[in-house]
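Have a look at the structure below before the remarks.
The values are calculated or read from the model by the stated rules, or taken from the named source; none is laboratory data. Treat the numbers as computed from the prediction; the structure is a model and nothing was measured. Methodologically, a virtual Cβ is constructed for each residue, glycine included, from the backbone with ideal geometry; neighbour enumeration extends over all protein chains shown. For accessibility, only protein heavy atoms count, side chains too; no ligands or nucleic acids. Shrake-Rupley method; radii C 1.70, N 1.55, O 1.52, S 1.80 Å.
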Amino acid sequence: MMNVCLISPKVSNPTKSKDDKFESDFVYTCIDNAYVAAYLEQLGHVVDVIEGELESKEAVVDKIVTNNYNAIGISIYYFNYVESVRLIKIIHKKKPSIFIFASGYYTSLKYQDLLNDVEELNCCVIGEGEITTSKLLENMYHKDMWPSIPGLAYKYNGELIRTEKVRVIEDLDVLPFPKRPYQTSNMAKLISARGCYGECSFCSSNDMHKESIGSKVRIRSAKNVADEMKYLADKYNVTYFNFQNDNFMNIKNVSWVSDFVGEVRARGLDNIKFSIFARANDVIRNKSQLKLLHEAGLDYIFVGIESFVDRQLNLYNKGYNSQVNLEALDILTSENIKYVCGFIPLDPFVVISELKINFNTLINIGFPQNSHFMQVPISCLEPLYAGDGSKLFELYKLVNVVDHSNTYRFEFTHDNIIQFNKALKQWRQAIFVLNKKIIKMLMNPDISVEHREILMEIKPQILLLDLRAMLGLCDDIDSEVSNTVRQSFFDEIVELECAMQ
């Protein structure tokens, strides 16, 4: 049996940015590694899991050097590519005999480039990782057996070899619960399913699924999900569950939600809260189930709204128009369910009038008042990023808007939008810091009831101020009065911060 370390390197921009992306608190927890680790341990292997965002680079390297690992697995995604390659090269230099393999979305879609560019890599795991990784470890030192391992890519005598596609695990209930070495808080991330039926052009999950064989969407049983929640509650005192799968409402079986609620209650999980992801059309389709979920502890739904402009929704290939978005948010408001909006106001072809439609619509539907306090100000949501392998990036190449020199990997086609995005740089940082501060205060378990009520009244004002500032900027750029955010809006940030004390 092998001594293995699975690492999710820290997040980094895939290219050097010329636009100095504003500071972000984004931390990626690699649940894929957690599942693979648990699966390997069930087979008898010894497995460590390292989250690069929660460890210094020096600490990560020190663990690798001081532990007698047979193999190191690196999970590579778009936003940690640079750090992943750096880490691979450092590991190889420090311990040249150690076996290094890569996995993750980027690996699955760009394994040819990785194997050509990173000679220190021994191989790449393509698609879902549990089966391929386990078979790789069984035959790690027997390369003549590698052609029989599904979901593997490697080089042999200079030739790139890709084996047959791996068959996905159809019954997710057979998997052990994820390994959680970093679980210390009362909040835990988990999944109730794998896959999504959607075809959003900016998402690479469907392109990754094409690298495997089997069902596009697989749902865990309600009992299995509730069992994990009970396990986390008992072992780690978890009271808040953040469901991370792309779409909690992938459900074909209409009774799944009621079964889930019943299983949760049967385990005495009466005082929990949880959040989920959903598409707008699924909110409408599951309207009758929302009350059940809310009564069972549903705190908020992250809804992939993206835009209220039909041109943008078509570009994003959402599969429905803006009326569906409006209806979904109206349903959540009527059911008194808070939401967080996934929103992509800036794409390569957007014009000022479309920005105004989006910002005014958000104000008119009461977005600042009806969204959850975890909602990020709209200005802080980045322009549309298209990962390699996504349909959208192929379109970018086709219409010649690709620009690798900036964070978003495209250039805007309208000069006034370039001005708008540039002008938002200082504003984004200021409103981001304010929003970060109020969320931290609201999440403090020792906050008084009175202070919390004050902050809950201020949070919608922050979101509204952000929309007003961007609308003011749109008007000023349109009328050629100015191309900067008005000072009066920055003054309001100072006033709100004072009111938060």
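Placing R0 at 22 angstrom, the Cβ-Cβ distance between Ser205 and Ile284 gives a FRET efficiency of 0.50 after rounding to 0.05.
Kirkwood Rh, region 290-336, all Cα pairs: how many Å? Please list the in-between numbers first.
Numbers: mean 1/r = 0.0849 Å⁻¹.
Here the Kirkwood hydrodynamic radius works out to 11.8 Å.
Phi-derived couplings, Karplus 6.51 cos²θ - 1.76 cosθ + 1.60 at θ = phi - 60°, listed residue by residue for region 228-245: 5, 4, 5, 4, 5, 5, 6, 7, 10, 6, 6, 10, 10, 10, 9, 6, 9, 5 Hz, with x used for Gly and Pro. When its C-alpha radius of gyration is set against 2.2 N^0.38 Å (N residues), region 160-313 gives a value of 1.12.
Restriction of the GluC sites (Glu not before Pro) in region 101-185 to DSSP coil positions whose beta-carbon has at most 15 other beta-carbons within 10 angstrom yields Glu119, Glu120, Glu164, Glu170.
For the chain, the longest principal axis of the Cα atoms and the long axis of helix 449-478 meet at an angle of about 80 degrees. Using a Debye calculation, one point per C-alpha and no hydration shell, please list log10 I(q)/I(0) for region 308-409 at q = 0.11 Å⁻¹ in order. The Cα Debye sum returns log10 ratios of -0.39.
Quick check on my link table: of Lys155/Lys179; Lys135/Lys165; Lys318/Lys356; Lys291/Lys436, which ones sit more than 25 Å apart, alpha carbon to alpha carbon? Violating the 25 Å Cα-Cα cut-off are Lys155/Lys179; Lys291/Lys436. To the nearest 10, the accessible area of Lys57 is 90 Å² with a 1.4 Å probe. Under 5 Å between amide hydrogens, built in the peptide plane, is the criterion, and for Lys318 it picks out nothing among residues at least 5 positions away or on other chains. The mean of 1/r over all pairs of different alpha-carbon atoms in region 34-96, once inverted, gives a Kirkwood hydrodynamic radius of 12.7 Å.
Its residues counted as N, the chain yields a C-alpha radius of gyration over 2.2 N^0.38 Å of 1.01. Quick check on region 231-284: what does the Kirkwood estimate of hydrodynamic radius come out to from the alpha carbon pairs, in Å? In region 231-284 this quantity evaluates to 12.5 Å. The solvent-accessible area of His372, taken with every protein chain present and a 1.4 Å probe, is close to 10 Å². Of all aspartates and glutamates in the structure, those lying under 13 Å Cα to Cα from Lys94, and not within fewer than 8 positions of it along the same chain, are Glu58, Asp62, Glu120.
For Lys356, neighbours were defined as the other residues whose beta-carbon sits under 11 Å from its Cβ, and their charges (Lys and Arg +1, Asp and Glu -1) total -3. With the convex hull drawn around the C-alpha atoms of region 360-501, the volume per residue stands at 137 Å³.
For Gly342, nonlocal amide neighbours, meaning residues 5 or more places apart or on other chains whose placed amide H falls under 5 Å from its own, are Val303, Gly304, Ile305, Glu306. Simple spin-label estimate for Ile161 and Ile365 gives 5.3 nm between the two label positions (7 Å along the Cα-to-Cβ direction from each Cα). Across region 60-74, coupling constants 3J(HN,Hα) worked out from phi with the 6.51/-1.76/1.60 Karplus curve, θ = phi - 60°, read 4, 5, 5, 4, 5, 5, 8, 9, 8, 7, 7, 8, 10, x, 10 Hz, and Gly and Pro carry x. Full extension of the chain segment joining Asp113 with Lys216 gains 34.5 nm, where the gain is 0.36 nm per residue of separation less the Cα-Cα distance.
Cysteine residues of the chain whose C-beta has no other cysteine C-beta under 4.7 angstrom: Cys5, Cys30, Cys123, Cys124, Cys196, Cys341, Cys380, Cys474, Cys498. Summarising the amide proton neighbourhood of Val166: residues at separation of 5 or more, or on other chains, whose placed amide H is nearer than 5 Å comprise Gly151, Ile213. Using the Karplus relation 6.51 cos²θ - 1.76 cosθ + 1.60 with θ = phi - 60°, the per-residue 3J(HN,Hα) values for region 307-320 come to 5, 10, 9, 4, 4, 5, 4, 5, 4, 7, 6, 6, x, 7 Hz, with x marking Gly and Pro.
Taking Cα atoms only, the orientation of helix 487-500 departs from the longest principal axis of the chain by about 70 degrees. Within the same chain, aspartates and glutamates fewer than 8 places from Lys57 are excluded, and of the rest, those with a Cα less than 15 Å from its Cα are Glu83.
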